[in-house]
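Everything below concerns the one structure shown next.
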Amino acid sequence: MARARRASIWCCPVPPALNAEQIRDANTRYHDVAAHHYDSKWGIDFGELGLSQVTAKLRKALGREPGHFPRALEIGSGTGYFSLNLLRAGLIGEASCSDISPGMLETLAANARELGLNVDTQAADAEALPFADASFDLVLGHAVLHHIPDLQRAFTEFHRVLAPGGTVVFAGEPSRYGDKLAGVPKRAATLLAPLWRRAIGASAAPREGSGGEAALEGVVDVHAFAPGELVRMARGAGFADVRVSGEELLANWFGWTNRTLEATADPDEVPWAWRLYAYRGYLLLQDLDRRLLESRLPPALFYNLMLAAHKPVQT
Ligand SMILES: C[S@@+](CC[C@H](N)C(=O)[O-])C[C@H]1O[C@@H](n2cnc3c(N)ncnc32)[C@H](O)[C@@H]1O
């Protein structure tokens, strides 16, 4: 899936059957394995598209032009989608990228080298950050909060490492209601998949083994959020001016439908024309969501939630 679509298409959360330590361990192992093919699987882009997508998300989350943040820390930075694109856009000065998965950070470092960018990488759990108090002007993350077992502890850490007046921004977090709505296109696409494969002339995907990545997939996502829960969590950690917004509804339905169909076919046999249609269609609907729906409908309806807040200057 093009990276443009990818932000909205996280797997459905499951009730946490594991304890916090086991969830962290599952996330480390799952993402270490995923790191090798993560960028191609999710269409992570470090060109103009990635740059404009990431910049637009930051602007939307903040509700204003982002300005410049001299020192940024990313939580769950993965392979660098946000930080590397923000560095390229000149919106952040220095980037520290942290993640619980050393494998993801290795891929991030390789991506940074290829792009000629300087970043500091640190393997770290979001609940115990190895950084001094007040070290950053921006703490950010994309699609990471829903993996973290003790979010109140993590938010307290984000607050601690931010300088007074600093900004926290998270995007790409699944909303509880939006996630339920996304079940509709997923179920419909599963039913239609055999017909669709016949129409595009693709055979069924080879069956995945039950080990490794496939086995861990069901346990790494531990939350989906109601907007009010994110607000309470941020305020509970001491943040002010908390703003939660929603993004992507039609684009998400379209993306989930196509992603579910594509997952049933041998990837080598999905025609280029289909991929182009899915990619262009997603961008078109994303634009429609932004222009027509995001300012009119409540955040809870959308698939992705975004949060922005400030650490007060006087605490
Ligand atoms: C869905 S990926 C998103 C990666 C990246 N932000 C992006 O948008 O491409 C979630 C990332 O969060 C990391 N992660 C999961 N649990 C974490 C934790 N407790 N602390 C820090 N990072 C964590 C994973 O290793 C993974 O790289």
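Coordinate-derived values only; no laboratory data. Keep in mind the model is a prediction, meaning the values are calculated, not measured. Every residue, glycine as well, gets a Cβ built from its backbone with ideal geometry; the counts of neighbours run over all protein chains shown.
Using only the Cα atoms of the range 209-300, build the gyration tensor, take square roots of its eigenvalues as a ≥ b ≥ c, and label the shape rounded, prolate or oblate: rounded if a/c is under 1.5, else prolate if a/b is larger than b/c, else oblate.
Taking the square roots of the gyration eigenvalues as a ≥ b ≥ c, the range 209-300 is oblate.
Treat the range 81-128 as a sphere of radius equal to its Kirkwood radius over Cα pairs and apply Stokes-Einstein at 25 °C in a medium of 0.890 mPa s; give the translational diffusion coefficient in µm²/s, rounded to a whole number.
Values: Rh = 11.0 Å.
It diffuses with D of about 224 µm²/s by this estimate.
Could you sort out which of 186/311; 57/186; 180/311 sit more than 28 Å apart by Cα distance in this structure? Listed pairs above 28 Å: 186/311; 180/311.
Annotation note: trypsin sites (Lys or Arg not before Pro) in the range 35-131 located in DSSP loop regions with a Cβ neighbour count of at most 15 within 10 Å are 64. When the chain is described by a simple charge dipole with +1 on each Lys and Arg Cβ and -1 on each Asp and Glu Cβ, the residue from 69, 253, 170 located farthest towards its positive end is 253. The C-alpha atoms of the chain define a longest principal axis, and helix 20-34 lies at about 60 degrees to it. For the chain, the longest principal axis of the C-alpha atoms and the axis of helix 227-236 are separated by about 20°. Think of the chain as a dipole: +1 on every Lys or Arg Cβ, -1 on every Asp or Glu Cβ, centred on the Cα centre; then among 22, 158, 244, 244 lies furthest on the positive end. Within the shell of other residues whose beta carbon sits under 11 angstrom from the beta carbon of residue 77, the net charge comes to -3, with Lys and Arg scored +1 and Asp and Glu -1. Spherically averaged projected area of the convex hull of Cα atoms, the chain: 15.1 nm². Counting only Cβ charges, +1 for Lys and Arg and -1 for Asp and Glu, the dipole size of the chain around its Cα centre is about 1080 debye.
Qualifying GluC sites (Glu not before Pro) in the range 193-265, where qualification requires a DSSP coil assignment and no more than 16 other C-beta atoms within 10 Å, comprise 208.
The trypsin sites (Lys or Arg not before Pro) of the range 164-250 that meet both conditions, a loop assignment by DSSP and at most 13 other Cβ atoms within 10 Å of the site Cβ, are 207. The sum of -39500 (n - 2.57) across all DSSP H runs of n ≥ 4, divided by the residue count of the chain, sets its helix-only mean residue ellipticity at 222 nm to -14000 deg cm²/dmol. Evaluating kT/(6 pi eta Rh) at 25 °C and 0.890 mPa s, with the Kirkwood radius of the range 154-278 over Cα pairs in the Stokes-Einstein relation, gives 139 µm² s⁻¹.
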